[in-house]
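Worksheet: one structure, shown below.
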Amino acid sequence: MSKQIILNAFEMNSAMHNSHGFWKHPESKRHRRYKDLDYWIELAKLLEKGKFDAVFFADVLGIYDVYRNSKAPSIRDGLQVPLNDPALLVSAMASVTENLSFAVTVSTTYEAPFGNARRFSTLDHLTKGRVAWNVVTSYLPNAARNFGLQDMIKHDERYGIADEYLEVSYKLWERSWEDGAVVENKETNTLVDPEKVHEINHEGTYFKVEGPHLSEPSPQRTPVIYQAGTSERGRDFAAKHAECIFVGGPTPERIRYYSDDIRKRAEKHGRNPDNIKIISFLSVIVAETTEEAQKKFEEYASVWSPDAAKAQYGASGYDIAEYEEMDPDLPFEYTKTTEGGHYKAATLTKDAPKKLTVGEVLKRFETLDHSIIVGNPTEVADAIQFQFEQSGVDGFNLNHLVTPGDLEAFIDLVVPVLQERGLYKKDYSDGTLREKLFPEGASILPDDHPASKYRHALAKSNR
Ligand SMILES: Cc1cc2nc3c(=O)[nH]c(=O)nc-3n(C[C@H](O)[C@H](O)[C@H](O)COP(=O)(O)O)c2cc1C
């Protein structure tokens with residue numbers, strides 16, 4: 001069977017995610033309904049109908065406040081605020097689905113590993129192994145101040161913390177409870193064998209955790225690890241720990257460059273590069289005919305908010321307002337380094353298809369992104385197939401501008417064409433998320449993963 005596309009719905013438990021200004025669109029329901037459990041239950045059923053692999057919940061812990069040195073542009077347009085906790089949606093969505101999985105973003109910079117490990121074990125139990133953790137290090141200055149810091153921790157140090165955070169997490173998930181610890185032996189009056197439950201006694205640079213883990217082992221033990229870092233440090237971290245890695249880029253060649261680099265780094269970490277799936281970004285506007293799709297694009301463009309887009313760019317640490325007074329013909333350059341996310345910053349410089357002027361950069365924010373695939377079902381499927389084959393990725397995170405309408409249109413119109421071409425599954429395979437993603441493997445992490453070294457001798461994954 002030829003390689004099939006992995007598909008995640010790019011989501012957030014918020015009024016607005018990446019659809020700047022779309023609350024003004026007459027068919028946008030999410031900004032009113034995201035607070036209702038029914039909305040998420042309906043979404044879960046819809047995505048399972050469309051055979052999506054997972055719903056991917058992004059999350060941030062502060063307000064974008066770099067643009068104009070103000071929170072107002074973000075708040076005014078609902079840019080990822082109001083924003084509720086994504087993990088709390090999962091049980092309800094899992095209860096109405098059997099195969100859809102859930103990737104939840106949690107920051108290693110602000111939340112303590114002990115509590116986080118229990119959160120993911122709980123979700124992994126309740127979903128029967130349909131959970132992933134998107135590990136992020138966070139890029140918002142306001143988030144730092146929300147967690148008692150004066151300034152953001154430096155970019156590379158955040159990854160140092162993340163590395164130790166994962167070490168603690170692996171000790172809790174993989175080592176603390178041996179297989180068979182729950183013995184339920186009435187004769188010896190023992191529900192759990194204390195000999196098989198261990199403290200972890202972690203003492204490192206950033207964390208000190210005694211343990212044992214409070215949850216018994218869940219189907220996957222460690223949730224599937226997602227990550228999305230583009231910086232040197234980010235790619236190295238991803239190559240060591242992640243199983244699904246997001247790679248962005250303006251062209252299939254750039255995406256391939258990053259993917260190849262990550263796979264090489266994975267080998268240096270002693271991992272089989274085939275145990276990593278690369279996911280890139282996809283945004284689609286589809287309708288029955290090309291003309292209708294184009295009309296939809298224009299309708300969407302009319303509600304676009306340049307201010308919210310500029311505010312979101314603050315994730316890079318750069319304030320685009322500083323360029324608004326400049327000569328538009330000057331080359332666009334950064335004059336300082338920031339502690340923000342390198343991924344965003346690179347999109348306008350080293351990842352851009354050509355060297356941009358200040359005027360060209362500012363113009364980009366004014367209009368709805370022209371990299372969106374717009375067309376009838378065949379045209380959209382052609383473009384997706386081209387990206388899939390040229391970039392060598394394993395799948396996509398599907399953005400949606402008007403929710404749930406755009407997802408419904410994708411499922412009704414594009415999914416059947418991709419299925420007909422053999423590019424997309426017609427049915428789910430059995431098992432946990434890890435088994436679905438890596439059918440040759442087991443429910444727990446493979447033996448080449450750094451987590452496996454914390455395991456007890458008998459708990460091998462047989463990979
Ligand atoms: C598809 C995708 C999803 C992301 N989701 C989140 C998120 O939910 N929360 C967050 O704080 N960062 C998120 N990020 C940002 C990354 O975690 C990371 O901070 C960013 O890419 C910068 O990392 P770098 O400096 O190593 O390039 C996401 C990035 C991508 C490409």
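The values are calculated or read from the model by the stated rules, or taken from the named source; none is laboratory data. Since we're looking at a predicted model, the values are computed, not measured. Positions of Cβ are backbone-derived with ideal geometry, glycine not excepted, and every protein chain shown enters the neighbour counts. Surface areas here come from the heavy atoms of the whole protein model, side chains and all, with no ligands, DNA or RNA. Shrake-Rupley method; radii C 1.70, N 1.55, O 1.52, S 1.80 Å.
Mind pulling up the Rg/Rh value for region 1-160? Radius of gyration and Kirkwood radius, both on Cα.
When Rh is taken as the Kirkwood radius, the ratio is 0.99.
List the longest stretch of the chain that has no exposed loop site; here a site is one of the GluC sites (Glu not before Pro) assigned by DSSP to anything other than H, G, I, E or B, with at most 13 other Cβ within 10 Å.
In the chain, the maximal stretch lacking such sites is 334-439.
Can you list residues from other chains, or at least 5 along the same chain, whose modelled amide H is less than 5 Å from the amide H of ALA9?
Amide H to amide H, under 5 Å and 5 or more residues apart or across chains, ALA9 pairs with ALA54, VAL55, PHE56, LEU398.
Under a 1.4 Å probe, what is the accessible area of region 185-301 per residue, stated in Å²?
For region 185-301, the per-residue accessible area is 49 Å².
Whole number in Å², please: accessible area per residue of region 305-366, 1.4 Å probe, ligands, DNA and RNA not counted.
50
Please work out whether region 238-397 counts as rounded, prolate or oblate from its C-alpha gyration tensor, where a ≥ b ≥ c are the square roots of the eigenvalues and a/c under 1.5 means rounded, while otherwise a/b larger than b/c means prolate and anything else oblate?
In terms of gyration-tensor shape, oblate.
How large is the Rg to Rh ratio of region 305-366 when both quantities use alpha carbon positions and Rh follows Kirkwood?
Dividing the radius of gyration by the Kirkwood radius yields 0.92.
Would you mind working out the accessible area per residue for region 385-463, using a 1.4 Å probe, and quoting it in Å²?
41
Describe numerically, in nm with one decimal, the distance between label points set 7 Å from Cα along Cα→Cβ at LYS354 and at LEU330.
It is 2.2 nm.
Check LYS425: other-chain or 5+ apart residues with amide H under 5 Å from its amide H, H built from backbone geometry?
Amide H to amide H, under 5 Å and 5 or more residues apart or across chains, LYS425 pairs with ILE5.
In whole percent, how big is the carbon plus sulfur part of the accessible area of the chain, probe 1.4 Å, protein atoms only?
On the chain, the fraction of accessible area on carbon and sulfur atoms equals 49 percent.
Which value in deg cm²/dmol, rounded to the nearest 500, describes the helix-derived mean residue ellipticity at 222 nm for the chain, given -39,500 (n - 2.57) per DSSP H run of n ≥ 4 and division by the residue count?
-10000 deg cm²/dmol
Considering the dipole of the chain built from charges on the beta carbon (Lys and Arg +1, Asp and Glu -1) around the Cα centre, which of GLN220, HIS456, PHE365 is farthest to its positive end?
HIS456
Could you tell me how far the Cα centroid of region 41-109 sits from the Cα centroid of region 145-220, in Å?
25
Report, to the nearest 10°, how far helix 155-170 tilts away from the longest principal axis of the Cα atoms in the chain, using its own Cα long axis and a range of 0 to 90°.
Approximately 30 degrees, to the nearest ten.
Pull out a ≥ b ≥ c, the square roots of the eigenvalues of the alpha-carbon gyration tensor of the chain, then state rounded if a/c is under 1.5, prolate if not and a/b is larger than b/c, and oblate in the remaining case.
In terms of gyration-tensor shape, prolate.
Does region 176-232 come out rounded, prolate or oblate, given a ≥ b ≥ c as the square roots of the eigenvalues of its C-alpha gyration tensor, rounded meaning a/c under 1.5 and, failing that, prolate meaning a/b above b/c?
Taking the square roots of the gyration eigenvalues as a ≥ b ≥ c, region 176-232 is oblate.
Quick one: which residues, 5+ away or cross-chain, put their amide H under 5 Å from the amide H of THR190? H built at 1.01 Å from N.
Answer set, sorted by chain and number: ASN185.
Of the listed pairs LYS49/LYS436; LYS171/LYS240; LYS45/LYS295, which have alpha-carbon separations greater than 19 Å here?
LYS45/LYS295
Among bridges DSSP assigns within the chain, what percent are antiparallel (round to 5)?
Here the share of antiparallel DSSP bridges comes out near 15 percent.
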